[in-house]
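Read through the structure below, which is laid out as structure tokens, and then see the notes.
The values are calculated or read from the model by the stated rules, or taken from the named source; none is laboratory data. The structure displayed is predicted, hence computed values, not measured ones. So basically every Cβ, Gly included, is an ideal-geometry build from the backbone, and we count neighbours across all protein chains shown.
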Amino acid sequence: MAKVQLGYWKIRGLAQPISMNKEMVLNSALPYLIDGDIKITQSNAILRHIARKHNLDGKDEKSKVLVDVMENQAMDFRNGFVRLCYGPDFEKNKEAYLKNVVSMLELFEKYLADKTWFAGNEITFVDFVMYELLDQHKLFDAKLLSSKPKLTAFLDRFEALPQIKAYMATPCFMARPVNNKSANWK
């Protein structure tokens, strides 16, 4: 099997779920992934390629649709946070963001009520994305998840996966920075 190579800036950003996913299943422009004779750019395309290759994109059509829905919900969640972190008037907008994001977190909390993972009982790539987003929010303000036992349990369950736990203990795992130097919150 050809060695898979991932290139990214020295921030967590959109590559963190790719790196975790890559670790779970494997040992120009940024980001990029070279997988044998395939060269891929764009974070989501890379993540989907790895997911398809390793059956982390849903086991049947119903779960694949759920993965697609959750992936897009995650991107909506992420986009709001990115606008805050990179936008003008960070300090002014931070308070409103913290107030408004609570309703999104409550929806995720309710959604996980009867699920182990975000697309059901099988882990998919969307769990890598959701882990990253929730962990970033926990770093941003630990109180956001303090009253969300299902989300906290999800984070703990994800971090306890043997491959993830091992990866997080290596120098390749980055706790910070989350964003690049032009962001208001890194």
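Please work out which one of (1) of a type outside the set (Val, Ile, Thr); (2) within 15 Å of the chain's Cα centre (by Cα); (3) at pLDDT below 95 is the condition residue 138 fails and give its number.
(3)
Could we say that residue 67 is β-branched (Val, Ile, Thr) and under 26 Å from residue 185 (Cβ atoms) here?
Judged against the criteria, residue 67 is not a match.
Is region 76-90 home to any residue that is touching a Gly at 6+ places or on another chain (Cβ under 8 Å) and part of a helix (DSSP H, G or I)?
no
Considering (1) modelled with pLDDT under 95; (2) in contact with a helix residue (DSSP H, G or I) (Cβ under 6 Å, 6 or more places away or on another chain), say which one residue 117 fails and leave the rest.
(1)
Let me confirm something: among 84, 26, 105, 30, which residue is at pLDDT 95 or above and more than 17 Å from the chain's Cα centre (by Cα)?
The match here is 84.
Filter region 41-65 down to residues that are hydrophobic (A, V, I, L, M, F, W, C) and surrounded by fewer than 18 Cβ atoms within 10 Å (Cβ to Cβ) and give me whichever is nearest to the chain's Cα centre (by Cα).
Residue satisfying both the conditions and the ranking: 45.
Looking for whichever is among the small types (Gly, Ala, Ser), over 17 Å from the mean Cα position of the chain (by Cα) and surrounded by fewer than 17 Cβ atoms within 10 Å (Cβ to Cβ) here; the options are 175, 153, 160, 166. Which one fits?
166
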